[in-house]
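This report concerns only the one structure given below.
The values are calculated or read from the model by the stated rules, or taken from the named source; none is laboratory data. Keep in mind the model is a prediction, meaning the values are calculated, not measured. For neighbour counting, all protein chains shown are included, and Cβ atoms are generated from backbone atoms with ideal geometry for every residue, glycine included. Note: accessible area is taken over every heavy atom of the protein model, side chains too, but ligands, DNA and RNA are not part of it. Shrake-Rupley method; radii C 1.70, N 1.55, O 1.52, S 1.80 Å.
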Amino acid sequence: MDIAPTPAPVPLVHDIPFWESVEQQDLKLQRCADCGQFRYPAGPICAQCNSEQVTWELVSGKGTILSWVVFHKTYLPAYPAPHTVIAVRLDEGPIIISNLEGPEPEGSWIDERVSLRYATMPDGVVLPRFELDRTAS
Ligand SMILES: [Zn+2]
């Protein structure tokens with residue numbers, strides 16, 4: 001049986017530590033070394049204070065769904081329908097676009113708490129994804 005290839009990330013110079021942390025299943029985001037602002041996607045300069053000083057720090061992997069969509073058509077073989085896409089505001093602030101795995105909320109998904117998990121695709125690519133956070137109150 002053929003394995004559908006996962007569309008490969010195309011890391012630019014500022015994204016490389018992000019994708020390395022995903023591969024290691026320890027998600028890190030770029031953080032301004034001067035004002036502390038987390039940012040995603042990574043970039044060369046802080047939008048908050050214009051500092052070029054950065055660190056890479058582990059994030060909690062916890063967040064809240066801001067928006068969601070379920071595609072009922074397969075656009076890429078690696079993502080068969082129905083295929084979910086969610087926008088998550090991480091507790092550290094940045095918004096990350098990903099997928100919801102496992103049980104889906106009834107009704108609106110907005111404001112549902114989610115936690116990070118790592119999915120290994122059939123071709124071995126590791127992706128950051130989310131599942132409903134059952135520990136949330
Ligand atoms: Zn800053």
**Prompt:** When region 20-38 is examined, which residues are found to be closer than 23 Å to Ser51 by Cα and either surrounded by fewer than 16 Cβ atoms within 10 Å (Cβ to Cβ) or in contact with an Asp or Glu (Cβ under 7 Å, 6 or more places away or on another chain) (or both)?
**Reply:** Lys28, Leu29, Arg31, Ala33, Asp34, Cys35, Gly36, Phe38
**Item:** Residues of region 46-84 that turn out to be touching a Cys at 6+ places or on another chain (Cβ under 6 Å) and hydrophobic (A, V, I, L, M, F, W, C), as a count
**Value:** 2
**Message:** Six or more apart or on different chains, Cβ atoms under 8 Å: show the pairs whose first residue is in region 33-47 and closer than 10 Å to Glu92 by Cα and whose second is open to solvent by 80 Å² or more (accessible area, probe 1.4 Å) and near the ligand (Cβ under 9 Å from one of its atoms).
**Reply:** Gln37/Ala47; Gln37/Gln48; Arg39/Ala47
**Request:** Give the residues of region 1-41 that are in a loop (DSSP other than H, G, I, E, B), among the small types (Gly, Ala, Ser) and modelled with pLDDT of 95 or more, sorted by residue number.
**Result:** Ala33, Gly36
**Request:** For residues that are in contact (Cβ under 8 Å) with a residue 12 or more places away in the chain and of a type in the set (Val, Ile, Thr), scanning just region 104-132, find the one that is most open to solvent (accessible area, probe 1.4 Å).
**Result:** Ile110
**Prompt:** In region 23-43, how many residues are out of contact with any His (no Cβ under 6 Å at 6 or more places or on another chain) and within 12 Å of the ligand (Cβ to nearest atom)?
**Reply:** 10
**Prompt:** closer than 24 Å to Val10 by Cβ, among the acidic types (Asp, Glu) and either part of a strand (DSSP E or B) or open to solvent by 40 Å² or more (accessible area, probe 1.4 Å) (or both) - does that describe any residue in region 83-91?
**Reply:** no
**Message:** Kindly evaluate Ala47 against the criterion of being out of contact with any Asp or Glu (no Cβ under 9 Å at 6 or more places or on another chain), open to solvent by 70 Å² or more (accessible area, probe 1.4 Å) and among the small types (Gly, Ala, Ser).
**Reply:** yes
**Asked** Do you know which of the residues in region 1-19 that are open to solvent by 80 Å² or more (accessible area, probe 1.4 Å) and in contact (Cβ under 8 Å) with a residue 60 or more places away in the chain is farthest from Tyr79 (Cα to Cα)?
**Response** Ile3
**Request:** Report whether or not Asp15 is of a type in the set (D, E, K, R) and either more than 17 Å from the chain's Cα centre (by Cα) or within 16 Å of the ligand (Cβ to nearest atom) (or both).
**Result:** no
**Message:** Going residue by residue through region 85-92, is there one that turns out to be acidic (Asp, Glu) and over 20 Å from Arg39 (Cβ atoms)?
**Reply:** no
**Message:** Based on this model, can you work out whether Ser60 counts as among the hydroxyl-bearing types (Ser, Thr, Tyr), assigned to a strand (DSSP E or B) and open to solvent by 30 Å² or more (accessible area, probe 1.4 Å)?
**Reply:** no
